[in-house]
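Below: one structure, written as structure tokens.
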Amino acid sequence: MPEPSENGLSQDEDEQLVRACQSGSLDAYDRLVMKYQPAIAAVVFRFSTQRADLEDMTQETFIRAWHALPRWEPRKPFLHWLKRIAVNVALEHCRKHRRSPLSRLVDNGHETIQLIPGEAPAAASEEAQHILSRLPPDQRTLLTLLHLEQMPLAEIADHMGISLANAKIKAFRARNRLRKILNSHGYSADTPL
Amino acid sequence: MDTQPTPRSSRTWEEITTRARSESPPEIDMHLAVRRRIESGLANKRAEVSREGTLEGIAEWLTGFRVFAASCAAVAALTLLGWQTVPVIRDVAIVLQLENALLAGL
């Protein structure tokens, strides 16, 4: 009995749907998108709480996945493969937006986060992203996945296409930099990173 | 100028990230938008193929024209060369005739 994946579809069902997609079936791809878009949206949400960014990154992930379908290997879980694409889309988003949209709302360095009326509250996520946006893109991506998604470092390394040793070095440097950012912005310096 | 001290926050990074992890994204449904983009991409690909066919036809015509032009140039060059060598051949023929006449006289 094949084990179900995170979204209830078994690996065999994923493989059948992907084969149908590779033959050109857009209906099969619709099914994959509808099944996995909540999981992908949850990952990219760690990088931006703005709805437009969320929709763009989710859409971009699935468009790239469509074009990369011939390269999917059935031995790897489909969701894991999709997440790798999502992480790369998010990394590009970080490179394009070196500062979070909330940076312009910060008044003279005081951490005054103003929620936009009518938007769903995600104050802590916005605050975390605002702080992390001060890091270089690759460090931001790594710490976002480590602290907000609680992804194991080995999985992060795999998604970012780097070795585990390299990921550990980046994580060390990123934590040191984050500590300085937190200190300079008035956060408690005692927090373990 | 006195710089204002950075206000200390009671929040720790651990508290912020713990709260952030409990927050969920809004529900979105991108499957129609994804499908439209894929279909549009496929349609563009088909249009590109037919555009490429037209462009290839023009390129072939130009290539053929270049071959024709090169052939005409070669024929013109040979004709010019031939035109210039005719007097030389005539002179050589006259010399040979005179030589034969002299030998016959001997």
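The values are calculated or read from the model by the stated rules, or taken from the named source; none is laboratory data. Bear in mind the structure is a predicted one, so any value in this text is a computation, not a measurement. Quick reminder, even Gly has a Cβ in these numbers, built from the backbone with ideal geometry, and neighbours come from all protein chains shown. Surface accessibility is based on the protein's heavy atoms, side chains included, excluding ligands, DNA and RNA. Shrake-Rupley method; radii C 1.70, N 1.55, O 1.52, S 1.80 Å.
Below is a table of values for the structure above.
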quantity	calculated
So B:Glu48, is it assigned to a helix (DSSP H, G or I) and closer than 30 Å to A:Phe45 by Cα	no
Meets criteria (at pLDDT below 80, at the interface with chain A (Cβ under 8 Å from one of its Cβ atoms) and open to solvent by less than 90 Å² (accessible area, probe 1.4 Å)) for B:Pro7	yes
Scope segment A:65-89; condition within 14 Å of chain B (Cβ to nearest Cβ) and under 13 Å from the mean Cα position of the chain (by Cα); matching residues	A:Leu82, A:Ile85, A:Ala86, A:Val89
Flag for B:Gly41 being at pLDDT below 85 and either open to solvent by less than 70 Å² (accessible area, probe 1.4 Å) or more than 9 Å from every other protein chain (Cβ to nearest Cβ) (or both)	no
Yes/no for A:Phe62 being more than 10 Å from chain B (Cβ to nearest Cβ) and over 22 Å from B:Ala20 (Cα atoms)	no
Helices (runs of 4 or more DSSP H) lying entirely in segment A:135-193 (those with 2 or more residues that are basic (Lys, Arg))	A:164-184
Hits in segment A:123-144 - residues which are in contact (Cβ under 8 Å) with a residue 40 or more places away in the chain, within 19 Å of A:Tyr187 (Cα to Cα) and surrounded by fewer than 23 Cβ atoms within 10 Å (Cβ to Cβ)	A:Ile131, A:Arg134, A:Leu135
Where a residue in segment A:161-190 is within 9 Å of another protein chain (Cβ to nearest Cβ) and in contact (Cβ under 8 Å) with a residue 40 or more places away in the chain and its partner, wherever it lies, is among the hydrophobic types (A, V, I, L, M, F, W, C) and open to solvent by 30 Å² or more (accessible area, probe 1.4 Å), with Cβ under 8 Å and at least six apart	A:Leu178/A:Leu193; A:Leu182/A:Ala189
Residues that are at pLDDT 95 or above, buried (at least 21 other Cβ atoms within 10 Å of the Cβ) and not polar (S, T, N, Q), drawn from segment A:55-78	A:Met57, A:Glu60, A:Phe62, A:Ala65
Filter pass, A:Ile156 being open to solvent by 10 Å² or more (accessible area, probe 1.4 Å) and either within 14 Å of chain B (Cβ to nearest Cβ) or modelled with pLDDT of 95 or more (or both)	no
Breaking point among (1) exposed (fewer than 10 other Cβ atoms within 10 Å of the Cβ); (2) in contact with a Leu (Cβ under 7 Å, 6 or more places away or on another chain); (3) not polar (S, T, N, Q), for B:Arg35	(1)
Pairs with Cβ under 7 Å, 6+ apart, first in segment A:16-42 and closer than 17 Å to B:Glu39 by Cβ and open to solvent by less than 20 Å² (accessible area, probe 1.4 Å), second among the aromatic types (Phe, Trp, Tyr) and assigned to a helix (DSSP H, G or I)	A:Cys21/A:Tyr29; A:Tyr29/A:Trp66; A:Val33/A:Phe62
Pick from segment A:43-59, criterion over 28 Å from B:Lys45 (Cβ atoms) and hydroxyl-bearing (Ser, Thr, Tyr), ranking: farthest from the other protein chains (Cβ to nearest Cβ)	A:Ser48
